[in-house]
Amino acid sequence: MKRIGLIVNPIAGMGGAVGLKGTDGEETLKKAIDLGARPIAPERAKVFLSHLKNMHLKISLLAAAGIMGEWEAKEVGFPCIPVGEAKEKTGPMDTKRSAKIMMEKSVDLIVFCGGDGTARDLMDVVDLKIPVLGVPTGVKMHSAVFAHTPEAAVHIMVNFVSGKLPLKEAEVMDVDEEAFRHGRLSAKLYGYMLVPYEMEYVQNIKMPSSQSESELRNQAAIAVYIIEKVLQPDVIYILGPGTTTRTIADLLDEKKTLLGVDLLLNKKIIAKDVNEKAILRYIKNRDAKIIVTPIGGQGFIFGRGNQQISSKVIRKVGKENIIVISTRSKLRNIHFLRVDTGDPDLDEELRGLIDVIVDYNQTVTVHVK
């Protein structure tokens with residue numbers, strides 16, 4: 001019987017929908033709560049555990065005490081052995097302590113629900129000693145230790161328990177949150193951890209956009225096409241993060257935030273770095289469309305770095321009003337587009353074929369998984 005550790009970072013991902021791009025630090029967490037942020041990780045952990053429970057695997061689950069895993073397991077009726085001391089308020093040291101105890105108890109795998117910051121905390125203790133698997137619940141998930149979704153994590157678990165998967169050294173990345181909030185992406189490689197590897201279900205590290213001359217020309221051609229043929233009067237366009245979407249604003253002589261979500265109306269930016277609540281307020285009783293570009297190397301169009309465009313926003317706008325743009329080189333390195341909105345029903349609705357604008361008046365049909 002495999003012994004599996006479970007650690008949930010209860011605050012991971014809370015900054016996403018409110019536009020804070022992370023929840024590292026007490027001050028940022030307080031601001032997120034003040035803005036109406038809701039816990040994300042506990043719910044995602046319960047989705048993972050509910051699906052795992054249905055697999056009837058022969059495993060023994062050791063869950064970090066209290067809100068760090070034990071409560072989530074009990075809520076879905078998954079038997080577990082509590083590890084460590086339950087606390088009302090938790091932090092990085094609690095993650096590290098839980099991991100250390102689990103290693104002392106000879107777990108075969110630690111599953112953690114969090115983001116890049118949680119991965120870094122685990123790496124400080126676990127290193128390459130035992131494998132880990134991340135259930136994505138954070139805002140920043142640049143690392144290659146995460147399954148694509150909670151459901152994908154269950155699929156990996158099934159094959160890991162049956163001994164079918166190899167272990168792979170995967171990168172642990174993180175960004176400077178303060179720089180990130182000011183529109184500067186400063187990603188750093190911190191080290192490696194072992195993951196049960198299955199290419200279709202484990203994400204790659206985020207790849208930065210190329211700044212080659214051909215890439216810039218391609219971005220400009222896409223932007224010109226959007227401006228000339230796509231933009232309609234009196235429609236609010238929700239522009240996701242990225243250099244490809246920013247080029248649209250650049251050619252309109254408007255300033256768009258690189259890493260935030262901005263709103264465009266009649267070829268003018270009317271709101272910058274908006275959160276979920278602001279988007280819903282602006283598009284109330286208005287026609288709206290979403291323009292997004294996939295994350296390089298990962299293929300996500302929703303659920304990574306743009307959680308402000310939440311399931312509520314997507315449902316309000318409508319699947320038919322989603323516009324995906326991508327340079328050819330980025331698309332060549334992506335096998336599929338992916339969605340992870342936190343709403344399984346919506347994710348299922350979004351799956352299928354979608355046209356991606358890749359140049360002036362040129363589209364490619366891509367599968368969304």
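Show me the ranking of peptides 301-309, 243-251 by mean Cβ neighbours inside 10 Å, starting with the highest.
Answer by packing, highest mean first, reads 301-309, 243-251.
Once you charge only the Cβ atoms, +1 for Lys and Arg and -1 for Asp and Glu, what is the size of the charge dipole of the stretch 213-368 about its Cα centre, to the nearest 20 debye?
In total the dipole reaches around 280 debye.
Could you give the size of the charge dipole of the chain about its Cα centre, using +1 on the Cβ of each K and R and -1 on the Cβ of each D and E, expressed in debye and rounded to the nearest 20? The partial results should precede the final answer.
Details: 50 positive and 46 negative charges, 56 e Å.
Its charge dipole is roughly 260 debye.
Using Cβ contacts closer than 10 Å as the measure, can you line up 261, 339, 224, 8 from fewest to most?
By the 10 Å Cβ count, ascending, the order reads 224, 339, 261, 8.
Could you work out the local net charge near residue 336, counting Lys and Arg as +1, Asp and Glu as -1, over the other residues with Cβ closer than 10 Å to its Cβ?
Working: positive: 338, 351, 369; negative: 200.
So the environment of residue 336 carries a net charge of +2.
Would you mind classifying the stretch 123-273 by shape? Square roots of the alpha carbon gyration tensor eigenvalues, ordered a ≥ b ≥ c; an a/c under 1.5 is rounded, otherwise it is prolate if a/b is larger than b/c and oblate if not.
The shape class here is prolate.
Nearest 500 deg cm²/dmol is fine: what mean residue ellipticity at 222 nm does the chain get from its DSSP H runs of n ≥ 4 alone, each adding -39,500 (n - 2.57), divided by its residue count?
Calculated from helices alone, the mean residue ellipticity at 222 nm is -9000 deg cm²/dmol.
Using the per-residue mean of other Cβ atoms lying within 10 Å as a proxy for protection, in what order, highest first, do the peptides 84-92, 58-66 fall?
58-66, 84-92
Using a ≥ b ≥ c from the Cα gyration tensor of the stretch 213-368 (square roots of the eigenvalues), is it rounded, prolate or oblate, where a/c under 1.5 gives rounded and otherwise the larger of a/b and b/c decides, a/b for prolate?
Oblate shape, in that a/c is at least 1.5 and b/c is the bigger or equal ratio.
Suppose we keep just the DSSP beta bridges with both residues in the stretch 213-368; what percent of those would be antiparallel, to 5?
Numbers: 14 of 26 bridges.
Antiparallel bridges make up about 55 percent of those DSSP assigns within the stretch 213-368.
Going by how many other Cβ atoms sit within 10 Å of their own, how do 145, 358 line up, fewest first?
Fewest to most other Cβ atoms nearby, the residues stand as 358, 145.
With the contact rule set at Cα under 8 Å and sequence spacing of 6 or more, what percent relative contact order holds for the stretch 213-368? Present the calculation step by step, with values, prior to reporting the outcome.
Working: 293 pairs, mean separation 36.0, N = 156.
Reported relative contact order: 23 percent.
Per residue of the stretch 75-87, in order, report the coupling 6.51 cos²θ - 1.76 cosθ + 1.60 (Karplus, θ = phi - 60°) as ³J(HN,Hα) in whole Hz, putting x for Gly and Pro.
5, 9, x, 9, x, 8, 9, x, 10, x, 10, 6, 10
Fewest to most neighbouring Cβ within 10 Å: what's the order for 143, 329?
329, 143
For the stretch 39-87, list log₁₀ I(q)/I(0) at each q in 0.17, 0.20, 0.21 Å⁻¹, using the Debye formula over Cα point scatterers of equal strength and ignoring solvent, two decimals each.
-0.44, -0.61, -0.66
Under 5 Å between amide H atoms, partner at least 5 residues away or on a different chain: which partners does residue 207 have, H built in plane at 1.01 Å?
296, 297, 298
Over 25 Å between C-alpha atoms is what I'm after, so list which of 46/87; 74/277; 46/319; 87/206 land there.
On the way: 46/87 19 Å; 74/277 32 Å; 46/319 27 Å; 87/206 34 Å.
Those over the limit are 74/277; 46/319; 87/206.
What is the set of long-range amide H partners of residue 191 at a cut-off below 5 Å, with H atoms built 1.01 Å from backbone N?
172
As a quick test, which of the pairs 168/312; 89/369; 256/312; 272/369 have an alpha carbon distance above 25 angstrom in this structure?
168/312; 89/369; 272/369
Distance from the Cα centre of the stretch 287-359 to that of the stretch 145-159, in angstrom?
Between the Cα centre of the stretch 287-359 and that of the stretch 145-159, the gap is 21 Å.
Classify the chain: rounded, prolate or oblate, from the alpha-carbon gyration tensor (a ≥ b ≥ c, eigenvalue square roots; a/c under 1.5 rounded; otherwise prolate if a/b is larger than b/c)? Could you put the intermediate results ahead of the total?
Numbers: a/c = 1.98, a/b = 1.74, b/c = 1.14.
It is prolate, given that a/c is not under 1.5 and a/b is the larger ratio.
Using θ = phi - 60° and the Karplus relation 6.51 cos²θ - 1.76 cosθ + 1.60, list the HN-Hα couplings for the stretch 350-363 in order, rounded to whole Hz, with x at every Gly or Pro.
Values per residue, Gly and Pro as x: 7, 6, x, 9, 9, 7, 10, 6, 10, 5, 5, 6, 10, 10 Hz.
Counting DSSP beta bridges with both partners in the chain, what percentage is antiparallel, nearest 5?
45
Readers should treat all values here as calculations from the given coordinates under stated rules, not as data from a laboratory. Quantities reported herein were computed from a predicted structural model and do not represent experimental measurements. Note that each Cβ is placed from the backbone with ideal geometry, even for glycine, and that neighbours are counted across all protein chains shown.
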